Amino acid sequence: MSENKNRPRGLIRALAGIAGFGALAGVMVTAMISPALAVASVGANSAIGVFNALPEFIELGEQAQKNTLWAQNTADPAEGYTPIAEVYWQDREEIPLADMSPYLLAAAVAGEDRRFYDHTGVDVNSVVRAALGNVFSGGIESGASTLTMQLVKNTYIQRSQYLPTPEEQQAAYQEAIETSFDRKLNEMKLAIGIEKRYTKDEIIEAYLNITGFGGNTYGVQAAAQKYFGISASDLSPAQAASLMAIVQYPATRNLENPANYEANQARRDVILAAMYAEDYITEAEYTAALNTPVNSSFVTISPPKAGCLAGDVYARFFCDFVIKNVENFESLGETPEERNARWRQGGLNVYTTLNMGLQMTAQDRVWELVPNDEERLELGSATTSIEVSTGRVLTMAQNKIFNDSELGGGIEATAVNFNTDRPYGGSSGFQVGSTYKVFALIAWLQRGYGLNEVVDSSRTELEQAGFLDTCGDGGGPWAGLWEFRNSADLEIPVATVFEATTRSINTAYAAMAEQLDQCEIRSAAESLLVHRADNGVLQTNPSAVLGTNEIAPLTMASAFGGIANAGIVCEPIIVDRFVTDDGISIPGQEPSCRQALTAEIAAAAAAPMRGVITGGTGSRSNPGGDVPVIGKTGTTDSQVQTWMVGSSTNIATAVWVGNIVGDYRLSNYRNGTVLRHDIWRVIMQDANEQYGGDSFPAASARLLQGSGISLPDISGLSVDEATVLLESLGLRLELIAGVTGNRVQSYQPEAGTYLARGMTVRVTATGAPGEQVRFDLPMPDLVGLTVLSAFQQMDQLGMTGFRDLSCDAGSPGSDAGDGTITSQSVSAGNIMPQFKGVTFTVACGISPAPPEGTVLD
């Protein structure tokens, strides 16, 4: 590069002293706005007044700086922190003039303001030239902007983006770029003020650090790295001129789009000619630069060196989640607008809640088991872990790679965070399947029902109109037949609530939901901070008990953490503290926790959830070891989505594996339905090792027992009498379809079953319609009679109920029908219905040997 011959000569600076500049200003203003003066008949003296009334000074200051995000290395803060990302509000890195290529300085001056070192902020020659153009055009066709005036404009543009609301930002931005006499006059006055306070080097350094180079790229360092993959200090003449070619029209000359190459080269060559004419470059340098085409070989688009996309690959989604939560960081300002403004200012070290060791365990396991390039289906997986006593988010992993660039990253990448709600990552959540049953279980216990109560699990269809829903906004009213089934087509007539949970019996939970208000189930979920990922209202349709609402993994982890934490649920938090670049500490997010459930309800809910892990549907997830865990599995219809959510007393983890979109059956994918278990188990093994955990409290006797009723024996009763009896106990009677009769012959479940109130007893009836049942028959004394004689006597009395026989101990034979009655289950003289059954104990005889030659089966 040749020696610069155009250093400051100070001629205009001398003419523009504070005392004498007003007169010169009048001339310049009159020249610039002469078309307007001609219309308004305003003279030069008035123009001087307008100019002198404008503000004189604008503070340049530093532009937005980076924020650095940190993660803990392990559960112990004493083991240190790791930086995971450097984040700018804008893609910008300020550097001193000394770290910029001299060709860059030359290109800026030669291309934008050749008399930069001669004027004091306003170039009189350019003003006169522009004024002549404006006179002929009748408007502002040329503004004669110097680099200093452009710096003023760019400063106003930057300040507009710090305003609180998007509306205010847009209005201020439009004002900063509007083509008007007022704006141009203001720029002139402020440019003069800047020249009084700052040196030329300070001014051009500020200009090169603030100027936009297309998109979110500001400043020459970020531009050099983005378009050429090098530092601004290493730019060649061709590269420097190509960058400065962008500044006038960033949208159409930036180098990210190959369609802009031709326009960029045309302007670049003009700048190169000016650089050569001003002796900033030699003829050889000029010729070499001019012969370098702007093409894909010249341009090297490089990934950003700042932002979440450039952050640690293990923590990019978490980084993005932090940025999207800035308006929630209350310690950064009173309002969301103030918090955003402080974040944009930068200079913060952000110490997050992320546990990098546990995060790597989670992320590696997801990447190992769930490919991000599967083409048969849009396969997704996400997992997150939280500290249940604080809500601190410890992990956030998924199978796809984070990429929020305009081009994206292909099938392997996404900008959507599957772990979070739509406002914080773009996801609408996923149906949670049977993990939602936990909230029905809580509502069941809150009603006073118990874990040991037996519920009907035989029905696979129910009328939706029979389900109570007092919410009114959950999508009802409901009508029509709801059909459902159990996983693997299990046929289980009845089950305790405890068993229904550990085995995830859909038919049992449908029967439980039928006894509850669906709004109670929703309220139980909402008390644990459960909400839809799309911010819609939780649906309360009958099938919601089986998990039809779309919810984010982070929400489910928080809810299960509340159960494990004795009913105390905490809002998720992600920042422990901020520290400014000058060492000032600012508080992070304080834990926000509340008692969602009583400790008794939480303990009772945890009891069968522990059984899910130790012997139920979540057995494959069992991490083993000394730290107990609870959990619940979830699988949606056709195995489209699968879940495993659970917790120790310290750490809760949710894992989802399923279809991002589409309905591919995971049972048709290798190990598709067990991937969730193999991910959850490994994460919790590491979490338990780092954080430990205690035993869960036992369920109280009250909530084990509940308010059930032992089913009485109704055999032999008329259907009417049995109905009255059962209804008086809070039970219902249902006749088996297709069977006629008026007396109870058999029923399910059997007598003595501890039924939950509201359950149905299914009856098979016999006897002619209208036949009357006698309830005043005294039981005869049949002890000592042969079995044959006893049965004949009962037949004569009309006692036609069932008769069970069993041999007593010490009988010489095994043929109960050939013996003598030694005891009877109904004592002699007791009044009984004629159809009531009786059990006899018999001194059994010895059956005679079969005739010779008889064949035995």
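Summary table below
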item	result
Residue tally, condition open to solvent by 10 Å² or more (accessible area, probe 1.4 Å) and either of a type outside the set (G, A, S) or under 14 Å from R676 (Cα atoms) (or both), over the stretch 419-429	4
Residues within the stretch 252-265 that are open to solvent by less than 30 Å² (accessible area, probe 1.4 Å) and over 17 Å from A240 (Cβ atoms), tallied	1
Residues within the stretch 265-297 that are touching a Ser or Thr at 6+ places or on another chain (Cβ under 6 Å) and part of a helix (DSSP H, G or I), tallied	1
Tabulated pairs, the stretch 142-166, first closer than 25 Å to D201 by Cβ and basic (K, R), second modelled with pLDDT of 75 or more and open to solvent by less than 30 Å² (accessible area, probe 1.4 Å), C-beta under 7 angstrom, 6+ apart or interchain	K153/E187
Given (1) in a loop (DSSP other than H, G, I, E, B); (2) out of contact with any Gly (no Cβ under 7 Å at 6 or more places or on another chain), number of the condition E256 does not satisfy	(2)
All positions within the stretch 582-632 that are more than 23 Å from R447 (Cβ to Cβ), in contact with a Ser or Thr (Cβ under 9 Å, 6 or more places away or on another chain) and acidic (D, E)	E590
Some residue of the stretch 760-772 being at pLDDT below 85 and within 60 Å of the chain's Cα centre (by Cα)	yes
Residue list for the stretch 616-632, restricted to those being open to solvent by 10 Å² or more (accessible area, probe 1.4 Å) and not in a loop (DSSP other than H, G, I, E, B)	S619, R620
Hits in the stretch 692-738 (condition: in a helix (DSSP H, G or I), in contact (Cβ under 8 Å) with a residue 24 or more places away in the chain and surrounded by fewer than 20 Cβ atoms within 10 Å (Cβ to Cβ))	R702, L704, Q705, V719, E721
Any hit, the stretch 94-101, residues being in contact with a Gly (Cβ under 9 Å, 6 or more places away or on another chain), under 20 Å from K66 (Cβ atoms) and either crowded, with 23+ Cβ neighbours inside 10 Å or at pLDDT 75 or above (or both)	yes
Identity of the residue in the stretch 177-193, open to solvent by 40 Å² or more (accessible area, probe 1.4 Å) and modelled with pLDDT under 70, that ends up farthest from Q248 (Cα to Cα)	F181
Filter result (within 21 Å of S558 (Cβ to Cβ), over 17 Å from the mean Cα position of the chain (by Cα) and open to solvent by 10 Å² or more (accessible area, probe 1.4 Å)) within the stretch 637-676	T649, N650, R676
Filtered residue count, the stretch 739-757, keeping only those that are among the small types (G, A, S) and either without any contact (Cβ under 8 Å) to a residue 40 or more places away in the chain or over 15 Å from P493 (Cα atoms) (or both)	3
Some residue of the stretch 519-529 being open to solvent by less than 10 Å² (accessible area, probe 1.4 Å), touching an Asp or Glu at 6+ places or on another chain (Cβ under 7 Å) and closer than 19 Å to I573 by Cα	no
Leading residue by the ranking (farthest from M396 (Cα to Cα)) among those in the stretch 309-331 that are among the aliphatic types (A, V, I, L, M) and touching a Pro at 6+ places or on another chain (Cβ under 8 Å)	A310
Of residues in the stretch 302-347 being in contact with a Gly (Cβ under 8 Å, 6 or more places away or on another chain) and either of a type in the set (D, E) or not in a helix (DSSP H, G or I) (or both), the one farthest from A222 (Cα to Cα)	F329
The lone exception for A75 - which of (1) under 30 Å from T361 (Cβ atoms); (2) aliphatic (A, V, I, L, M); (3) surrounded by fewer than 22 Cβ atoms within 10 Å (Cβ to Cβ); (4) at pLDDT below 95 it fails	(4)
Criterion violated by V109 - all others in (1) modelled with pLDDT of 70 or more; (2) closer than 25 Å to E195 by Cα; (3) assigned to a loop (DSSP other than H, G, I, E, B); (4) of a type in the set (V, I, T) satisfied	(3)
Restricting the stretch 266-308 to residues that are open to solvent by less than 40 Å² (accessible area, probe 1.4 Å) and farther than 14 Å from A240 by Cα, the residue that is farthest from the chain's Cα centre (by Cα)	E278
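The values are calculated or read from the model by the stated rules, or taken from the named source; none is laboratory data. As the structure is a prediction and not an experimental result, all values here were calculated from the model. Glycine also receives a Cβ, built like all others from the backbone with ideal geometry; neighbour counts cover every protein chain displayed. The area values use the complete protein model at the heavy-atom level, side chains included, leaving out ligands, DNA and RNA. Shrake-Rupley method; radii C 1.70, N 1.55, O 1.52, S 1.80 Å.
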